[in-house]
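Undergrad: Below: one structure in structure tokens.
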Amino acid sequence: ILSNGMYKSIEHRAVTNEKNSRISVAAFAFPDDEVEVGPVDSMVDDQNRPRMYRNVKYIDYVRQHLSRKMEEGKLHTDFVKLESNY
């Protein structure tokens with residue numbers, strides 16, 4: 001949502017390697033519940049990169065995300081995607 005669809009996330013998969021050690025770093029951001037999140041202004045350009053997602057309160061995003069089943073994959077952003085961009 002923040003990158004307006006420019007940066008795609010992937011499903012996390014860890015592969016072990018007997019020859020090289022592996023380090024994973026997780027980074028999390030937890031804004032206040034009432035903060036609205038949406039595409040960052042620098043990721044929106046009306047001519048070349050129109051807005052793909054609406055703003056949503058963080059708590060509403062979390063509630064919707066937690067109500068989904070694991071097998072539904074990355075569809076957790078669909079509910080904030082603007083219909084004109086489906």
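Undergrad: Among the residues of the range 17-33, is any part of a loop (DSSP other than H, G, I, E, B), at pLDDT 90 or above and more than 22 Å from Leu82 (Cβ to Cβ)? Before you say what the answer is, go through the steps one by one.
TA: Residues of the range 17-33 part of a loop (DSSP other than H, G, I, E, B): 17-33.
Among the residues that remain, those that are also at pLDDT 90 or above are: 31-33.
Adding the requirement that they be more than 22 Å from Leu82 (Cβ to Cβ) leaves 32-33.
There is at least one residue in the range 17-33 that is part of a loop (DSSP other than H, G, I, E, B), at pLDDT 90 or above and more than 22 Å from Leu82 (Cβ to Cβ).
Undergrad: State which residue is most open to solvent (accessible area, probe 1.4 Å) when the search covers only the range 34-46 and only residues that are part of a loop (DSSP other than H, G, I, E, B), under 17 Å from His65 (Cβ atoms) and touching a residue at least 24 places away in the same chain (Cβ under 8 Å).
TA: Our first condition is that a residue be part of a loop (DSSP other than H, G, I, E, B); within the range 34-46, this holds for 34-35, 38-40, 44, 46.
Now restrict to residues that are under 17 Å from His65 (Cβ atoms): 34-35, 38.
Add one more test, that the residue is touching a residue at least 24 places away in the same chain (Cβ under 8 Å), and what stays is 34, 38.
Numbers: Glu34: 114, Gly38: 11 Å².
Step by step, filter the range 34-46, then rank; the result is Glu34.
Undergrad: For Ala27, which of the numbered conditions (1) hydrophobic (A, V, I, L, M, F, W, C); (2) in contact (Cβ under 8 Å) with a residue 60 or more places away in the chain; (3) exposed (fewer than 14 other Cβ atoms within 10 Å of the Cβ) fails to hold?
TA: For Ala27, the exception is condition (2).
Undergrad: Which residue is farthest from Val35 (Cα to Cα), if the candidates are limited to the range 47-80 and must be open to solvent by 70 Å² or more (accessible area, probe 1.4 Å), in a helix (DSSP H, G or I) and modelled with pLDDT of 80 or more?
TA: Leu66
Undergrad: Shifting gears a bit: Any residue that is more than 19 Å from Asp78 (Cβ to Cβ), open to solvent by less than 80 Å² (accessible area, probe 1.4 Å) and outside any helix (DSSP H, G or I) - is there at least one of those in the range 3-14? Reasoning before the result, please.
TA: Step one: list which residues in the range 3-14 are more than 19 Å from Asp78 (Cβ to Cβ), which gives 12-14.
Keeping just the survivors that are open to solvent by less than 80 Å² (accessible area, probe 1.4 Å) gives 14.
Adding the requirement that they be outside any helix (DSSP H, G or I) leaves 14.
Yes, that holds for at least one residue.
The values are calculated or read from the model by the stated rules, or taken from the named source; none is laboratory data. Predicted, not measured: the structure shown is a model, and the values here were computed from it. Cβ sites come from the backbone with ideal geometry, for glycine too, and all protein chains shown count toward neighbours. Areas reflect the complete protein model, heavy atoms only, side chains present, ligands, DNA and RNA absent. Shrake-Rupley method; radii C 1.70, N 1.55, O 1.52, S 1.80 Å.
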